[in-house]
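Comments concern the structure below.
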Ligand SMILES: [Zn+2]
Ligand SMILES: [Zn+2]
């Protein structure tokens, strides 16, 4: 098994290698990175956001057409929402092994702080590993340092470590090592 990371052309350039490497080491499975082949649909003009569910539909169809059974993580730069929520950092659809994350709210500049690639790499890695954790059947975790903790704010995301806590780690499929 390996993880497919689809990196959209508008996503932060040059960060795909370190992010892929981090995600691979957090989860313990190989990750391959390629240019995003999914058509970017679901933009809602009035919200200036993309409906994450529409992108997950797109990944689902693409996986089906190309007979991909391994998990797919799409990384985009546009802000994401899930109907019923103002925004989401990312979203996963476990039964089809599809997930998407957005860099829109992960950069310091969004919060009026100085841009820092290392911070952005860290956050993309944690968010990506979190959504992939859902694809492996994990639920949210109450341990604030665990990858599966659900952060509502950037500070909560930054507080997390790039690890699954012991009780989450044992739930990861055994073929992952
Ligand atoms: Zn989650
Ligand atoms: Zn945990």
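Residue separation of residue 145 and residue 86 scaled by 0.36 nm, minus their Cα-Cα distance, works out to 18.8 nm of gained length. Full extension of the chain between residue 66 and residue 155 yields a length gain of 28.2 nm, computed as 0.36 nm times the residue separation minus the alpha carbon distance.
For 3, 101, the sequence from fewest to most other C-beta atoms within 10 Å is 3, 101. Each label point was placed 7 Å from the Cα along the Cα-to-Cβ direction; for residue 117 and residue 46 their separation is 4.0 nm.
Ellipticity at 222 nm from helices only: DSSP H runs of n ≥ 4 in the chain, each -39500 (n - 2.57), divided by the residue count, give -9500 deg cm²/dmol. The average projected area of the stretch 3-169, computed from the convex hull of its Cα atoms over all directions, is 9.2 nm². Cut-off 10 angstrom, C-alpha nodes, Gaussian network model of the chain. Which of 96, 44, 19 fluctuates the most? Highest fluctuation of the listed residues: 44.
For the stretch 3-169, the share of DSSP beta bridges that are antiparallel, to the nearest 5, is 30%. Give me the distance between the Cα centres of the stretch 13-39 and the stretch 118-177, rounded to whole Å. Cα centres, the stretch 13-39 to the stretch 118-177: 15 Å.
Read-outs: derived from the displayed coordinates by stated rules, not from any lab. Since the structure is predicted, the reported quantities are computational estimates derived from the model, not experimental observations. Cβ sites come from the backbone with ideal geometry, for glycine too, and all protein chains shown count toward neighbours.
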